[in-house]
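Below: the structure, in structure tokens.
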Amino acid sequence: MTAPRRLRHRAAAPSTLGALQQVVRRRSRVAQSLQRRYRTALAGGLGLALVAGATAGAAVDDAPVADQADLAALGRMEVAHPASPGITVPADEEIDLGELDVDVELPKPDVSHVRDIRTASRNAERRAIAEREAAAAAEAAAAEQEAAAPTRDDDGEDDASTSEAEAPATVSAGSGGERGAIGAMVNDYRAQNGLHTLERNGTLDQVAQGWAEWMAANQTLQHNPNYRSQIGSGWSAAGENIIRHTGGASMSSSAVTSWMVDWWKNSSVHRANMLNTKYTHVGVGYSMGPGGPYAVLLLGGR
């Protein structure tokens, strides 16, 4: 009864070893895509081998010495291709890695092309040149306008740069009462402001009347450039107000003279002349021409 049991164990051990070797040989020829499946199968085969070894070890205790030597030889057998942990790729196989889609958002650095920098620099230079040219043109226009604009005399009245070259028109000295009315209204205005009255002066009257007639004849409103020299010496101060009313020909003499004096009152420079404390005398000129009535107020101080 003992002999048949030993034969059964000796036959079972080679069969298990052959199965294990066959699994290992197939493992070395497995393609990369099937490694995972064969790794699972190999793990199962190794488990079977361990169970078989344990069974054989249990049987060795009851076997004779010769049978134990056979089993020891079985235990010393080496596998040509031992299994190792992880994934083993044969040398003749190629690794095929699939594409991996990764959605990564990276900050875009501020990069300026050299061509763009040069273009911006040229544009800035052109703008600077255009601004300088515009400023120069504005200065030239302002200078030209200033040269063409009328100048101002001491009392601030505008002077025309040139007088008209027309032939003198027929003028009149008015009714005669306009000059006295203008002088009286000026003195009344000074009295209202607590100032002394101005005395009429023949020389000042003559120069003022002559200039009023000249303006009426030439239909030009401008200051007398020579009134200081024409009134002669002995005056410490002198000033002149002039005015014209283009629609005054249809007005009464009292209405037009009142309008003239009121206009001077509303003008700061003319008002300052009439209220100047350094003046002591006055001369008045009045003349009617095609352009309307003209008036001159000539002030002098002694």
*When the Karplus curve 6.51 cos²θ - 1.76 cosθ + 1.60 is applied with θ = phi - 60°, which whole-Hz ³J(HN,Hα) does each residue of segment 276-292 get, with x for Gly and Pro?*
6, 6, 7, 8, 10, 9, 9, x, 10, x, 8, 8, 9, x, x, x, x
*Would you tell me the accessible area of residue 119, worked out with a 1.4 angstrom probe on the heavy atoms of the protein chains, in Å² to the nearest 10?*
50
_Using a 1.4 Å probe on the protein heavy atoms only, what accessible surface does residue 298 show? Give it in Å² to the nearest 10._
0
*Quick one: if the Förster radius is 25 Å, what FRET efficiency do residue 302 and residue 246 give, using the C-beta to C-beta distance and rounding to 0.05?*
0.10
_Compute the distance from the alpha-carbon center of segment 241-295 to that of segment 171-215, in whole Å._
9
*Send over a whole-number figure in Å² for the accessible area per residue of segment 189-302, probe 1.4 Å.*
41
*Write down, largest first, the equivalent ellipsoid semi-axes of segment 174-260 in whole Å, where each equals the square root of 5 times an eigenvalue of the alpha-carbon gyration tensor.*
22, 20, 11
*Considering only protein heavy atoms, what is the solvent-accessible area of residue 117 at a probe of 1.4 Å, reported in Å² to the nearest 10?*
100
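In percent, how large is the relative contact order of segment 248-302, given Cα pairs closer than 8 Å and 6 or more residues apart? Working shown, then result.
Working: 47 pairs, mean separation 18.1, N = 55.
It rounds to 33 percent for segment 248-302.
Trypsin sites (Lys or Arg not before Pro) within segment 238-290: which are DSSP loop residues with at most 12 other Cβ atoms inside 10 Å?
Qualifying residues, ordered by number: 278.
Could you sort 233, 287 by their accessible area in this structure, using a 1.4 Å probe and putting the largest first? Don't jump to the answer; show the numbers that get you there.
Numbers: 233 110, 287 0 Å².
From most accessible down to least: 233, 287.
The values are calculated or read from the model by the stated rules, or taken from the named source; none is laboratory data. Because the structure is a prediction, the values reported are computed rather than measured. Note that we place each Cβ from the backbone using ideal geometry, even for glycine, and neighbour counts take in every protein chain shown. Please note that ligands, DNA and RNA were not included when accessible areas were found on the heavy atoms of the full protein model with its side chains. Shrake-Rupley method; radii C 1.70, N 1.55, O 1.52, S 1.80 Å.
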